[in-house]
1. If only one of 42, 55, 35 is touching a Lys or Arg at 6+ places or on another chain (Cβ under 9 Å) and over 11 Å from residue 96 (Cα atoms), which one is it?
2. Would you point out the residue of region 4-17, among those that are open to solvent by 30 Å² or more (accessible area, probe 1.4 Å) and of a type in the set (A, V, I, L, M, F, W, C), that is nearest to residue 70 (Cα to Cα)?
3. State all residues of region 51-90 that are surrounded by 15 or more Cβ atoms within 10 Å (Cβ to Cβ) and at positive phi; if no residue qualifies, say none.
4. Kindly provide the set of residues from region 38-56 that are over 12 Å from residue 91 (Cα atoms) and in contact (Cβ under 8 Å) with a residue 12 or more places away in the chain, ordered by number.
5. Which members of region 108-117 meet the condition of being touching a residue at least 40 places away in the same chain (Cβ under 8 Å) and either out of contact with any Asp or Glu (no Cβ under 8 Å at 6 or more places or on another chain) or more than 22 Å from residue 42 (Cα to Cα) (or both)?
6. Quick check on my filter: what residues within region 91-104 are buried (at least 18 other Cβ atoms within 10 Å of the Cβ) and within 21 Å of residue 52 (Cβ to Cβ)?
7. Is it the case, given these coordinates, that residue 4 is under 16 Å from the mean Cα position of the chain (by Cα), more than 17 Å from residue 102 (Cα to Cα) and at pLDDT 95 or above?
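The values are calculated or read from the model by the stated rules, or taken from the named source; none is laboratory data. Quick caveat, the model's predicted, so the values are computed rather than measured. So basically every Cβ, Gly included, is an ideal-geometry build from the backbone, and we count neighbours across all protein chains shown. Ligands, DNA and RNA are stripped out before the accessible areas are found, and what is left, the full protein with its side chains, is counted by its heavy atoms. Shrake-Rupley method; radii C 1.70, N 1.55, O 1.52, S 1.80 Å.
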Amino acid sequence: QVQLVESGGGLVQAGGSLRLSCAASGRTFSSYAMGWFRQAPGKEREFVAAITRTGTTTDYADSVKDRFTISRINAKNTVYLQMNSLKPEDTAVYYCTARALVSTKTASDYPYWGQGTQVTVSS
């Protein structure tokens, strides 16, 4: 079992930056691949980024590639999402997720979810 708590969301102008953090409970954080998903009003939840247990491999949605960076510090039980060059279409609730062993891009593969943090990008 792992519990996830996101922070760092807010309102930012287009072109700005935000860093989301996700703090995980438990002693086995390094056993979990981590992911970020987002959901905009009226849209389905979509994959944003994922990182393997050791942090050596990352994966991104095409829409955020070269703008967002996912990272983790296992000693702090924390995963981050650095978001640069934000666009109004990045506006959504962002969710941190965890899955044992291997990361995927499919939301239903992740059994553990945070409560979400709102990111709003104004034009």
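1. Values: 42 fails: touching a Lys or Arg at 6+ places or on another chain (Cβ under 9 Å); 35 fails: over 11 Å from residue 96 (Cα atoms).
55 is the lone residue from the list that is touching a Lys or Arg at 6+ places or on another chain (Cβ under 9 Å) and over 11 Å from residue 96 (Cα atoms).
2. 5
3. 55, 77
4. Once the filter is applied, which keeps residues that are over 12 Å from residue 91 (Cα atoms) and in contact (Cβ under 8 Å) with a residue 12 or more places away in the chain, region 38-56 yields 45, 46, 47, 48, 49, 50, 51, 52, 53, 54, 55.
5. Initially, region 108-117 is screened for residues touching a residue at least 40 places away in the same chain (Cβ under 8 Å), giving 110, 112-117.
110, 112, 113 - these are the residues of region 108-117 that are touching a residue at least 40 places away in the same chain (Cβ under 8 Å) and either out of contact with any Asp or Glu (no Cβ under 8 Å at 6 or more places or on another chain) or more than 22 Å from residue 42 (Cα to Cα) (or both).
6. 94, 95, 96, 97, 98, 99, 103
7. Working: under 16 Å from the mean Cα position of the chain (by Cα): yes; more than 17 Å from residue 102 (Cα to Cα): yes; at pLDDT 95 or above: yes.
Here the answer is yes, as residue 4 does meet what is asked.
Conditions (1) under 16 Å from residue 37 (Cα atoms); (2) touching a residue at least 40 places away in the same chain (Cβ under 8 Å), marked per residue:
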| residue | (1), (2) |
| --- | --- |
| 66 | no, no |
| 80 | yes, yes |
| 83 | yes, yes |
| 88 | no, yes |
| 94 | yes, yes |
| 97 | yes, yes |
| 101 | no, yes |
